[in-house]
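These notes are about the structure you will find just below.
The values are calculated or read from the model by the stated rules, or taken from the named source; none is laboratory data. Please read all numbers here as calculations on a predicted model, not as lab measurements. Neighbour counts run over all protein chains shown; Cβ positions are idealised from the backbone, glycine included.
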Amino acid sequence: MEFIIFICLLTTGYFFGSWAEKKHYKSIVEREQLYLYLPTTSSKKPLGKLAPVKESKLVTGSVVVSVDYFKRVLAGLRSFFGGNIASYETLVDRARREAILRMKESCPSATQLINLRIETSSIAKGAKQQIGSVEVLAYGTAIYCHKTKG
């Protein structure tokens, strides 16, 4: 009986986790489309020829995304047998993209974002120090240019 309850909870967790992940990805894709106009590069120099720079400032975006229980179980099985842990790859991908979006949302009137850097860290959970969450910090320099008359 306990095994059946465990399987039911695991299945329920899988479906709700998948639903939440799909919903988050949909939100990310929609918001990325809104910020296509804002060029972002890891280069230390702006892209192309710019109008005179009016201002530049440090901008950041940070996010912490939790691992759902089902992904933790799958990752545990995968780490036992070895190989690629795809369930964590989607977690890190969502966190990275969300952090960059939050950074862009903090400076919507910028002309460009340069010197983009991304830092990640895991937040351990439990006595075995299993990954519980992933934190991603995106930061860079927002360049604001004078408006050109045209």
In region 1-56, how many are more than 17 Å from Glu105 (Cα to Cα) and of a type in the set (Val, Ile, Thr)?
-> 6
Scanning region 1-58 for residues that are hydrophobic (A, V, I, L, M, F, W, C), over 27 Å from the mean Cα position of the chain (by Cα) and outside any helix (DSSP H, G or I) gives Met1, Leu50, Ala51, Val53
From Leu50, Leu38, which residue is hydrophobic (A, V, I, L, M, F, W, C) and either closer than 19 Å to Glu98 by Cβ or at pLDDT 90 or above (or both)?
-> Leu38
Residues in region 137-147: is at least one at pLDDT below 95, within 24 Å of Gly13 (Cα to Cα) and either part of a strand (DSSP E or B) or among the hydrophobic types (A, V, I, L, M, F, W, C) (or both)?
-> no
Cβ-Cβ below 9 Å, separation at least six or inter-chain, first residue in region 107-128 and farther than 19 Å from Ser62 by Cα, second assigned to a strand (DSSP E or B) and modelled with pLDDT under 75: which pairs?
-> Lys125/Ile131; Lys125/Gly132; Gly126/Gly132
Pair list, Cβ under 6 Å, 6 or more apart: region 47-73 residue more than 21 Å from Thr120 (Cβ to Cβ), other residue modelled with pLDDT under 90 | Ala51/His146; Ala51/Thr148; Pro52/His146; Lys54/His146; Tyr69/Gly13; Phe70/Gly13; Phe70/Tyr14; Phe70/Gly17
Taking into account only those residues within region 1-47 that are of a type in the set (D, E, K, R) and within 30 Å of Tyr144 (Cβ to Cβ), which is surrounded by the most Cβ atoms within 10 Å (Cβ to Cβ)?
-> Arg31
When both residues are 6+ apart or on different chains and their Cβ atoms are under 7 Å apart, which pairs have a first residue that lies in region 18-43 and is closer than 12 Å to Arg94 by Cα, and a second that is acidic (Asp, Glu) and surrounded by 15 or more Cβ atoms within 10 Å (Cβ to Cβ)?
-> Ile28/Glu98
